[in-house]
Each structure stands twice: as C-alpha cells, then as structure tokens.
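Here the structure comes first, spelled out in structure tokens, and everything after it is commentary.
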Amino acid sequence: LAAAAVGGLGGGAVFLHADTPSYLAPMKRLEELSHSFAAKHAALGATSGLLMSFVHVMQLHSADALWQTLKDTEWLRTKQVRLVVIDSVAGLFRTSDEEGGSRAAAAYERSRQLLRLAARLRQLSDAFDVAVLVVNQVTDKPLDTPAAASVSAAE
C-alpha cells in the first residue's frame, strides 16, 4: 500500500483465500492495477514489484487453518498490515448433508461460525488498527446475463 504521505495506508496488505480457482483472477487483476499505479506514480518511485512486495497471500485449506491464522497475530505485527482481505471464506464453513445432520442444523452451525468469525475480525481490526474486507468469490467481469445488464444500466 502506498505511503501515508501520498494518501496510502503506509503498510502491507494480507490476502487470505480459501479457494484456489477464485484466487487467480483477483491476483491477476491486482497485478494489472499495480502496473497502472506504478506507471502513474513513477516519479514517487513506485514500481509494480515494490507495490506487490507489500501484498502477502495466505491460502486457507480448512476452517481450523483460518482460526489458527486469526489466533496467531504475529503476521499482523511483522508485516505491518493495514488491510486484510478475506475471499471465499464461507466455503470453509459449508458442511455436507452426508455428515448426518439436517440442513437446518448445518445452516445454523455455519451462521454461528460466520458470526464468530465476524466478531474475531472486529477484535483484530480494533486491536491492530487494520481495515478488514470480507468478500465471497468476487469477479470484475460480470456474466453476460439480463440481471447483470440491468445492474449495469442502473449504475
């Protein structure tokens, strides 16, 4: 992230993701943006490589890995994190109906875990003065559907 003197947050960003396929598109887009930003601010010494060096990526393979990452906060201190982006995290809390429970019970448990996650992220945000953004499989190229067209027209 850009230095505070030029309007940035003056620190790094951490991208936590749980889904390998959805991870590729956002990272490609981020690299495109870093090239554009570097070209625009070359006089300030910005380069794409320098900008990307402040972005740290962590893949989460399970809900347990997420909780461990959020429990061990050393990465927030050592990487001077100012922004945490979490993508595709809801999938970590999905359960299969094959586990013997009802759909209602599974939905309740998933909701309970997501609320617990929100509370922990709020604690981290307050304690470390870090912005947290949670998204779920975001794309920058909407599907060519009537619904997507109506949203674009409304903007």
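The values are calculated or read from the model by the stated rules, or taken from the named source; none is laboratory data. In this text the structure is predicted, and so the values were computed from the model without any measurement. Neighbour counts are summed over all protein chains in view; Cβ atoms, including those assigned to glycine, are modelled from backbone coordinates with ideal geometry. Note: accessible area is taken over every heavy atom of the protein model, side chains too, but ligands, DNA and RNA are not part of it. Shrake-Rupley method; radii C 1.70, N 1.55, O 1.52, S 1.80 Å.
Within the range 106-121, the set of residues being open to solvent by 50 Å² or more (accessible area, probe 1.4 Å) and under 13 Å from LYS71 (Cα atoms) comprises ARG116, ALA119, ARG120. For the range 71-89, a residue qualifies if it is crowded, with 18+ Cβ neighbours inside 10 Å and more than 18 Å from GLN123 (Cβ to Cβ), and the qualifying residues are ASP87, SER88.
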